[in-house]
1. May I ask you to compute the full-extension gain from residue 144 to residue 112, defined as 0.36 nm times their residue separation minus their alpha-carbon distance, rounded to one decimal in nm?
2. Report relative contact order for the stretch 134-174 in percent, whole number only (criteria: Cα-Cα under 8 Å, sequence separation at least 6).
């Protein structure tokens, strides 16, 4: 009696021997579904902070790339920003953004930006989060810092040294 082999219904590309990150599994599937143009948009979204930097990514979001008909280069990158001030900053940084995006993709993928202002955008306030995470100085430590800088005539220098003193004391608290 000859045994029939069971038909393998799971393709080799879907088999895995260990755990994989969700993005590693999702990106190949997304590439197949969306094609080359869609893949660029997925990469822009997932790597935006790495492409333009943390500060610029905090107030901007890539929406997509529109290419001239029949071409896959020299596209128009659409970027969403929360207000006019951020739009102006993005306009000033246009050459930087274009260079970074093109460098990331390795060719002249985009040649211009279209900046779209919306009020429905949540700005990541990195500075406020970091301030909340820092350990504050005690009242005695604050008095000590002010006592050390009291003799300075320059108020701006005095304020900067007081901030430095708070930072040093705060940082040293975590190292004990």
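Coordinate-derived values only; no laboratory data. In this text, all values refer to a predicted model and were calculated from it rather than measured experimentally.
1. 6.1 nm
2. Reported relative contact order: 60 percent.
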